[in-house]
């Protein structure tokens, strides 16, 4: 069903050159240095439930678009936290999806789904209202066979490393379980302490308690808070972690004096801190996290620029991560000034910066990454992790930063089945990008072959120390 | 003179596929759900005056560019409101235009003009200083023939619906005249109350008086102001209106308390309101207009982001809409927060949002429209209503919002003769966009055929309820 | 080594048409109306030193990228001002460069270098660690021959005019030397008074003293400051200058009252002025510089939007212009409001505006330049002076401003040897841009031929009065 030359430019010689470059690396193992797959899946290795539960209900890319067309989340079985009843008949949910599958034409979700259906699940027809039931049955049957157990798929997908994202107090119980098992697949955690760094979030004090417990350190001062974090980083490292991550609205970085930061921390512990307190605390914590990375060698990632839970109605009923986070304009040149001046010249430090604001690619991010030894650019992300989005990233970043200040592809996905689709797409788009350069004699074939190896494997391997 | 494959990519198979897709829909009727044609033209159905009066003098796209090259507006016959004498010899004006026609190479105005000359007026040469007089005569002659009367052209252009834009107090006399005539062409008004919503504009009190009179309601409080607007919306609906429109600098939306909004309204009635008053009044009125749309079903359009009358010299001498409105950066994620949280989950409400700030396509607008059921994206607009501009719109919007959260093409023109050119261009660019996707196997031909029908007809028909 | 069709789209007929258009103008003389070549080079006409000294050490494009990959500036021989020892073995520097030459694949620096190596220096292999020594020797030998003396290259490069950039107090001694010599090459200065306009820069008072001396005018008031500047402009004009230039962070323009500007000037003379003083002084000086240009006919250029010396460690050790200036978001519509309202309607005034913020191309700059007679758009600049960058400029600017409100190519380079590479690249990209339009029947061949002549020669000649 899928064309071997898909996603390449149709015109020759681009298509042939892209295809050759792609052939060169298409079977390289998958490095996934950042993502959101639930570690439980691989720790327990149980059969996946039915098609709706596997494909629709956990994927906000899918139901976001269905919702935008007036299909309620209740009818799609998205669990409500306010007691609202939601659809329990998963075949019915599947039929709604199938009837509206045409909506995904021209979207990356459509591309990933077509790969998942065809290459992973062996479905040979385009999903529609007519064949919805038949395909539901076909997938259901597949999911019961041993080849579709999570670990079998992990191996079939040729995943070399899969990174999860885990809170500061997480016990990493599933990572431990795997370590103790005979299974040799490499699944590693990533340290993401957002919940304890954002002092404005409602559960902050509860999360500090959890951190105290996890670290075995009583947290009564900013200093003890830092010690607890350092303790947890050490634990994550012992469990294989190579990186940290932070989701923040603004990448503003600023060092506060010990007195100032302590005062904010105490206000947060004792009463409701102000908005400005929260902003300054995050700014200071970015500095501290960078300092710790310089010390312990964990790669520091930042994912800024989303205004979370824009739709309060959806948030109140269904909770967070429901497809209603919306990007805002993001500034890097001034915001990263302090951090880069303090740590940016350290070659042993790696700061991987992502963005949701494409206007910063050529204006701010490529110039910064093309100068500071520590700074690298994360792949095009979230709304921009698409055919056009990846091409814009390469076209707007490479000329100033070169490919060597980027870090390879990050799938950033919750959808385990879509991992090969996402890496395959990225490899094809990079091959196509390079083929365009070759046909225009901007680079030669030798350059292109080296570069496609770097983009699909080498850069991620080296940046994230995946050895 | 015009090539049948114009505006498609030259490389095969894109060109052939684009051409086939275009053939599929090129004769579809024109739906024009937003524009600025003077309704008098079709109500009175008089012959168009001479070529300069028809083509140059009313079109700020044309004289803006001539002016930028040092050609005075006086010499182009643009009427002055300060008593300045302007050129009255229209043949002379035409010659200036012809001598400088080369300036339009590569601009959408150039493309529209070549269509108008060749397809509408049957001119077979490229306009230049040499053939200026001859072509002036050819056009002048044509304009006297019955086939060039406005209603004949309306029919020849295959216009199914033509929407005008009308002030809140407009009597819609020309719409009434047409309703009463035996002519069956569908021309409908759109309710645009900018003059009474912008309390900072110098004629506001005069415009409130006019609204009082039109609605037959005495306006002494904010509440009676709302009643008058509701009354006028009802009247517009009775005259066929399906939509409202608002031209605003910032799309900031905010609900004020009854006391606050009343206080601002009274300040506006009694004295000069502050800039902040005007800003808050508009923010609140966007909420009220949305509320009314939820109630009466009129589609709500907003056109934000132009700093009007940037050139005060031109404004003082020639008035508004003279090609000196300049876009400013525009923010949507935070500005539309209140409106979308209050009304964005209503599927029976349609909010069509336009922009002059292309950096918001992928960052803010597509994510918002790809989530909220009520929000849809208007076509690429004004400075971006061009070959490259339309392609950027599709490439930056579709992957996140899909084509189904866009609303089809809006010509937004004052230039009646250019309507077929504009729709033809849009259809060609959409066909080319889809053909690119087909050749890269991102969508298949079946998808593309459905999508081109939607883009050129279906989406506008459904969004604007044009039945 | 270099392909004759390089940088053109591979697909026919674009490639052939681009090639034909390029052939048409490739031998046109080079007009370089803005750049940073050291005038001493041509005044003294001494052999260039070794390859590292010629190619690497003065070019921050090159060592910026090497530095970003962890290679210290000390090891590249960049002179330190703090006494730090730097590498003196230039062959060793060259080897580091050669070993890392692969980093430049896909960057404009890579493209310029390949031209310089192949077309200027006659090197027939791709530089690498293996052939580093051999190529070092080949270039060294060449540099000793008479054909590689600066003036011989000037002639070989077919440069008609080369513009340098010079401070307000510069004696233009090298320009004088050339004037007095029998050499007829045209090298002209450009008046760039940044040092005396930025009252916040540490050496401002010293620079005012230098201005006093150069102008022979005692500067005790703002009025005498203006007189001194006017005096220097006159002197620059007498030395052939046709333009001024200003590097500023924000293009904010604002007229202060005589009392206000005098007060700021006195504060600057007597004590440390505030940040706001500096901002307002620059805003006012942009108005004064425009006024002077209206009076004396010098073209006014502005280069806004760089945050200079972002990396303080590098700045402290190596000084300015070391590859660590980073762009910031820039606003034009509101910032240029006062200047354009006061002088923008003057056709005898030319204001050439550059940008580092590509998001302003279609949103602000093209609409402004497509309306105001005085305003023109400088070529894509610095980080955007690249294959993709130049194409984005044309695609985002032409439809609204037409090519006729742009000013042709500016190389803006310090690297004398790269001048032909840069102009050749620009001509190829413009030819390719036009060829795309021709194959899509947006323009015809006749238009394209006229336009390529304008883009590569005519526009610069007329805008900068290079007669």
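The values are calculated or read from the model by the stated rules, or taken from the named source; none is laboratory data. Values in this document were obtained by computation on a predicted structure and should not be read as measured data. Heads up, the Cβs are rebuilt from the backbone with ideal geometry, glycines too, and the neighbour counts pull from every protein chain shown.
Against the definition (more than 14 Å from chain A (Cβ to nearest Cβ), touching a residue at least 12 places away in the same chain (Cβ under 8 Å), farther than 19 Å from residue A:102 by Cβ and over 15 Å from the mean Cα position of the chain (by Cα)), how does residue B:419 come out, yes or no?
No; evaluated as a whole, the condition is false for this residue.
Is at least one residue of segment B:343-352 buried (at least 23 other Cβ atoms within 10 Å of the Cβ) and more than 27 Å from residue B:37 (Cα to Cα)?
Yes, because at least one residue in segment B:343-352 is buried (at least 23 other Cβ atoms within 10 Å of the Cβ) and more than 27 Å from residue B:37 (Cα to Cα).
Which of the residues spanning segment B:89-108 are crowded, with 21+ Cβ neighbours inside 10 Å and in a loop (DSSP other than H, G, I, E, B)?
Correct list: B:105, B:106, B:107.
Residue by residue through segment C:422-453, note down the ones that are facing chain B (nearest Cβ under 10 Å) and touching a residue at least 40 places away in the same chain (Cβ under 8 Å).
C:433, C:434, C:435, C:436, C:438, C:439, C:448, C:451
Of all residues being more than 10 Å from chain C (Cβ to nearest Cβ) and either surrounded by fewer than 24 Cβ atoms within 10 Å (Cβ to Cβ) or out of contact with any helix residue (DSSP H, G or I) (no Cβ under 8 Å at 6 or more places or on another chain) (or both) in segment A:331-342, which is nearest to residue B:331 (Cα to Cα)? Just the residue, please.
Taking the candidates together, the pick is A:335.
What about residue B:86, is it assigned to a loop (DSSP other than H, G, I, E, B) and touching a strand residue (DSSP E or B) at 6+ places or on another chain (Cβ under 8 Å)?
No, not satisfied.
Could you list all residues from segment B:43-55 that are closer than 18 Å to residue B:418 by Cβ and either within 14 Å of another protein chain (Cβ to nearest Cβ) or crowded, with 20+ Cβ neighbours inside 10 Å (or both)?
B:48, B:51, B:52, B:54, B:55
Of all residues in segment C:303-328 being within 9 Å of another protein chain (Cβ to nearest Cβ) and without any contact (Cβ under 8 Å) to a residue 12 or more places away in the chain, which is nearest to residue C:382 (Cα to Cα)?
C:312
Before we move on, is residue C:361 in a loop (DSSP other than H, G, I, E, B), within 14 Å of chain B (Cβ to nearest Cβ) and at pLDDT 95 or above?
no
Determine whether residue A:371 is buried (at least 24 other Cβ atoms within 10 Å of the Cβ), outside any helix (DSSP H, G or I) and over 21 Å from the mean Cα position of the chain (by Cα).
Criteria met by residue A:371.
Suppose we filter segment B:208-219 for residues that are in contact (Cβ under 8 Å) with a residue 24 or more places away in the chain and more than 21 Å from residue B:243 (Cβ to Cβ); how many remain?
Number of matching residues: 3.
Filter segment C:21-42 for residues that are buried (at least 22 other Cβ atoms within 10 Å of the Cβ) and over 19 Å from the mean Cα position of the chain (by Cα); which is nearest to residue C:244 (Cα to Cα)?
My answer is C:22.
Scan B:273, B:251 and give me the residue that is at pLDDT below 95 and assigned to a loop (DSSP other than H, G, I, E, B).
B:273
State the number of residues belonging to segment A:1-18 that are surrounded by fewer than 19 Cβ atoms within 10 Å (Cβ to Cβ) and either touching a strand residue (DSSP E or B) at 6+ places or on another chain (Cβ under 6 Å) or not in a loop (DSSP other than H, G, I, E, B) (or both).
2
Answer with yes or no whether residue C:379 is buried (at least 23 other Cβ atoms within 10 Å of the Cβ), closer than 26 Å to residue B:109 by Cα and either within 14 Å of chain B (Cβ to nearest Cβ) or over 14 Å from the mean Cα position of the chain (by Cα) (or both).
No.
For residue A:402, state whether it is more than 14 Å from chain C (Cβ to nearest Cβ) and either without any contact (Cβ under 8 Å) to a residue 60 or more places away in the chain or within 20 Å of the chain's Cα centre (by Cα) (or both).
no
Give the number of residues within segment A:309-325 that are surrounded by 14 or more Cβ atoms within 10 Å (Cβ to Cβ), part of a loop (DSSP other than H, G, I, E, B) and out of contact with any strand residue (DSSP E or B) (no Cβ under 8 Å at 6 or more places or on another chain).
7
To keep it simple, each residue is scored yes or no on (1) under 27 Å from residue C:110 (Cβ atoms); (2) surrounded by fewer than 24 Cβ atoms within 10 Å (Cβ to Cβ).
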residue: C:389; (1), (2): yes, yes
residue: C:396; (1), (2): yes, no
residue: C:400; (1), (2): no, no
residue: C:406; (1), (2): yes, no
residue: C:421; (1), (2): yes, no
residue: C:432; (1), (2): yes, no
residue: C:446; (1), (2): no, yes
residue: C:450; (1), (2): no, yes
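For segment A:256-296: of the residues being surrounded by fewer than 16 Cβ atoms within 10 Å (Cβ to Cβ) and in contact (Cβ under 8 Å) with a residue 60 or more places away in the chain, which is farthest from residue A:220 (Cα to Cα)?
In this case the residue turns out to be A:296.
I'd like the residue in segment A:62-80 that is at the interface with another protein chain (Cβ under 7 Å from one of its Cβ atoms) and surrounded by fewer than 23 Cβ atoms within 10 Å (Cβ to Cβ) and, out of all such residues, is nearest to residue B:345 (Cα to Cα).
Step by step, filter segment A:62-80, then rank; the result is A:70.
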